[in-house]
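As structure tokens, the structure follows; a few thoughts come after it.
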Amino acid sequence: MSAVEIVRFAVRGLAANKMRSALTTLGILIGVAAVILLVAVGEGSSRSIQQNIQQLGANTLTVSSSTGGGGGGGGFRMARQQQDTGPRTQARPLTVDDARALADRAAAPHVSSVSPVVSANAQAASYDGASHPIQQVIGTYPSYFEASNKPVAQGTYFFNDDVLAARKVIVIGQTVAENLFGALDPVGRQITLTGVPFTVVGVLKEAGSTGGFQDADDVAIAPLTSVQQSLTGFGPLNQILVKAGSAGDVAAAQAEITSVLDQRHGVGGTVAADYQILNQATLQETVSAATSTFTVLLAAVAAISLLVGGIGITNIMLVTVTERTREIGIRKAIGAPRGAILGQFLVEATLLSLIGGLLGVAIAVAGAQFTIAGITPVVVPSSVVLALGVSVAIGLFFGSYPANRAARLRPIEALRFE
Amino acid sequence: MSLVLDVRDATKVYGAGETAVHALRGVSLQVEPGDYVAIMGASGSGKSTLMNIIGCLDVPTAGEFHLDGVDVGALDDRRQAVVRNRKIGFVFQSFNLIPRMTALMNVELPLAYGGVKPAERRRRALAALDLVGLADRVGHQPNELSGGQQQRVAIARALVTSPTLLLADEPTGALDSTSTLDVLGIFDRLSAAGRTIVVITHEADVAEHAKRVVRLRDGRVIEDTRLAPVDGLPPRLKEVTA
Ligand SMILES: Nc1ncnc2c1ncn2[C@@H]1O[C@H](COP(=O)(O)OP(=O)(O)OP(=O)(O)O)[C@@H](O)[C@H]1O
Ligand SMILES: [Mg+2]
């Protein structure tokens, strides 16, 4: 009794009940496809987030205040600590002078550029009847364009002179350009930003809408002083964008920034820092930890459907074995060894799950070509291998119980079975 | 001369306690090579029980059972499968062909389990089907055959491995008189060719074809009559070949 023959018997067994075999296969198919697709969606969203972060520009460090302003989390905690520790009465915000101090090459030799940043959200802009609320208006120095990796596609940047003179010039993102100007060339035209006229000098290169987050192209960038004059007032900075000389200099630059700012803000001893420095690497770590949790969650949901598919196989194999008990008896009576019976039913179960698994892979790979919920799925090869492996293992595992039961029957018991 | 079949004091009890059924109460039966034995007895006398034990489909509660000199009860599961495959051909009252498989495939099946190569398997299966007169029905499935034809396919399947012993449990029980004669003719010719046959029957007519008749009652052998010598021809061979 060769293996080929056992497979032939198994195929014949499956073909004898096509509808049932097809439905069982469908269960596994859905499970496998779900695992692969959901993991692909998780991976896709994680990649797009990583890309977003990378668009911040390489080698950049973001300094922000821990106490309100443009700061991130931790403001509340810092405030409490100040009460506890006492000596200083108030956290100092980030100022243009802080930025200037960081630009001192003697104190911070690894820093190549420093851009103070203020930003205003949702500012109404209009041009010749068309209006559009710009998601983020940024006031900064020309070095910002390079540090934040925002090249200009049309027109020019603005210059240090413009900042000194507080000229009302502005560089707009693609989304803003489309909404205000349509097909017109925006360069040289004047838009009104909350009542103040600004001349468009350049249009940013399209960043592309990445992930489901904010539109990176819905921005406008103008000289720091102009934005402060017309939109934000001369208060604290939201952040200071620092570019290190090279990727290897990032750590050294961060140490220098810390020492300069600690000195200027009187941090040390019992006084905790009132600012925080974010670099791309730590941001990436935090975000990828979050997205991998998300991916695991998706995979867990999908794994459950795979398990349900496996239970479907057990059920069908039990029915098949029960229904064919007499046939098993006949086969045993004419001398079928236990191994041949066991093999036949195991191969049947494995074929069901393997076919289902392969079709599931095909459908998942096909489905991953489409954009799902704004995310381009990225098929992870290991998830394909895992899903296929698990589906075959399920076939073997869940098929072995009924197969074993069939093989162990004594011929006369099987023959008498009604 | 070595015995093909040697059953010594076999008992079979179904169930236990008060509901226990003593189907066999100590049966001894010796069959020499070439013999043609008919087993008769009232319904419930234990004929099928005895036959299932001889055919290795069931195990006796007590007693010894040698087949071709081998103590079958002492064999493991795999070797018992080999004994069923090589030494025994079993014909059932209810045919027991496998549905959705052609006559040829059904007959090839024991050879497949016996590890015979496909070409050789086909040749031998066709020869067996030819022997039972079904050379023109090899491609038919069981539900496309008459009862008599199905039983002849079953006989071909039992014969195809050239077993030491051919067992038949009421092979003509479900057949009309013409088909019964077909089957008896096959058995008589096999016996004349030297094959050892044990057949169970209710009908005295059928039993008269055998060389020896064994009667059971309540799980015991009550009568053992020889109609023809072991090495002779079956008594009614002439009628069925005429
Ligand atoms: N699986 C079983 N469980 C319990 N009792 C059984 C079983 N098989 C047979 N019996 C009993 O054993 C006795 C002998 O049965 P057996 O089938 O051997 O009779 P038989 O001589 O073949 O009868 P028949 O001519 O009707 O086929 C009967 O009383 C029957 O009820
Ligand atoms: Mg019976």
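Here are a few things to note about the model shown:
Yes/no per residue for (1) more than 16 Å from ligand 2 (Cβ to nearest atom); (2) under 17 Å from A:Lys332 (Cα atoms); (3) touching a strand residue (DSSP E or B) at 6+ places or on another chain (Cβ under 6 Å):
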| position | (1), (2), (3) |
| --- | --- |
| B:Phe90 | no, yes, yes |
| B:Met101 | yes, yes, no |
| B:Val107 | yes, yes, no |
| B:Ala112 | yes, yes, no |
| B:Ala125 | yes, no, no |
| B:Leu131 | yes, no, no |
| B:Gly139 | yes, no, no |
| B:Ser146 | yes, no, no |
| B:Gln149 | yes, no, no |
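- Failed item in (1) in contact (Cβ under 8 Å) with a residue 40 or more places away in the chain; (2) within 16 Å of ligand 2 (Cβ to nearest atom), with B:Tyr14 passing the rest: (1)
- Here B:Gln93 meets each of (1) closer than 16 Å to B:Thr164 by Cβ; (2) at pLDDT below 90 with one exception, condition (1).
- Selection within segment B:77-113: residues that are more than 10 Å from chain A (Cβ to nearest Cβ) and part of a loop (DSSP other than H, G, I, E, B). The member of this set that is nearest to the chain's Cα centre (by Cα) is B:Gln93.
- Note on segment A:277-384: enclosed helices (runs of 4 or more DSSP H) holding 1 or more residues that are touching a residue at least 12 places away in the same chain (Cβ under 8 Å) and more than 14 Å from every other protein chain (Cβ to nearest Cβ) are A:280-323, A:338-367.
- Scope segment A:245-264; condition within 13 Å of A:Asp104 (Cα to Cα) and aliphatic (A, V, I, L, M); matching residues: A:Ala253, A:Ile257, A:Val260, A:Leu261
- Of A:Leu358, A:Leu388, A:Leu415, A:Leu352, all but one fail to be more than 24 Å from the chain's Cα centre (by Cα) and within 16 Å of ligand 2 (Cβ to nearest atom); the exception is A:Leu415.
- Of the numbered criteria (1) more than 31 Å from the chain's Cα centre (by Cα); (2) part of a strand (DSSP E or B); (3) of a type in the set (A, V, I, L, M), the one A:Ala108 fails is (2).
- Flag if B:Ser48 is surrounded by fewer than 24 Cβ atoms within 10 Å (Cβ to Cβ), within 16 Å of ligand 1 (Cβ to nearest atom) and assigned to a helix (DSSP H, G or I): yes
- Segment A:1-22, residues that are outside any helix (DSSP H, G or I) and acidic (Asp, Glu): none
- When segment B:53-67 is filtered for residues that are buried (at least 19 other Cβ atoms within 10 Å of the Cβ), more than 8 Å from every other protein chain (Cβ to nearest Cβ) and not hydrophobic (A, V, I, L, M, F, W, C), only B:Pro60 remains.
- Within segment B:36-84, tally of residues that are within 12 Å of ligand 2 (Cβ to nearest atom) and over 20 Å from A:Lys332 (Cβ atoms): 9
- In the condition set (1) within 11 Å of chain A (Cβ to nearest Cβ); (2) part of a strand (DSSP E or B), B:Ala38 is compliant with all but (1).
- Whichever residue in segment B:174-204 is under 9 Å from B:Gly148 (Cβ atoms) and more than 16 Å from ligand 2 (Cβ to nearest atom) and, among such residues, is farthest from the other protein chains (Cβ to nearest Cβ): B:Thr178
- Segment A:180-260 holds strands (runs of 3 or more DSSP E) entirely within its bounds, and those carrying 3 or more residues that are crowded, with 21+ Cβ neighbours inside 10 Å map to A:196-204, A:219-223, A:239-244.
- Filtering B:Asp176, B:Asp218 for residues that are farther than 17 Å from B:Phe95 by Cα, of a type in the set (D, E, K, R) and surrounded by fewer than 16 Cβ atoms within 10 Å (Cβ to Cβ) leaves a single hit, B:Asp218.
- Single condition B:Thr172 does not satisfy, out of (1) farther than 22 Å from B:Glu32 by Cβ; (2) in contact (Cβ under 8 Å) with a residue 60 or more places away in the chain; (3) within 16 Å of the chain's Cα centre (by Cα); (4) within 16 Å of ligand 1 (Cβ to nearest atom): (2)
- Checked against (1) touching a residue at least 12 places away in the same chain (Cβ under 8 Å); (2) within 14 Å of chain B (Cβ to nearest Cβ), A:Ile28 meets all criteria but (2).
- Residues being more than 34 Å from the chain's Cα centre (by Cα), of a type in the set (A, V, I, L, M) and not in a helix (DSSP H, G or I) are entirely absent from segment A:112-127.
- For segment B:114-126, a residue qualifies if it is surrounded by fewer than 24 Cβ atoms within 10 Å (Cβ to Cβ), touching a helix residue (DSSP H, G or I) at 6+ places or on another chain (Cβ under 9 Å) and in a helix (DSSP H, G or I), and the qualifying residues are B:Pro118, B:Glu120, B:Arg121, B:Arg122, B:Arg124, B:Leu126.
- Pairs where the first residue, in segment B:198-213, is within 11 Å of B:Glu170 (Cα to Cα) and the second is acidic (Asp, Glu) and at pLDDT 95 or above, C-beta under 6 Å, 6+ apart: none
The values are calculated or read from the model by the stated rules, or taken from the named source; none is laboratory data. Note that this is a predicted model, so its numbers are computed, not measured. Backbone-built Cβ (ideal geometry, glycine too); neighbour counts: all protein chains shown.
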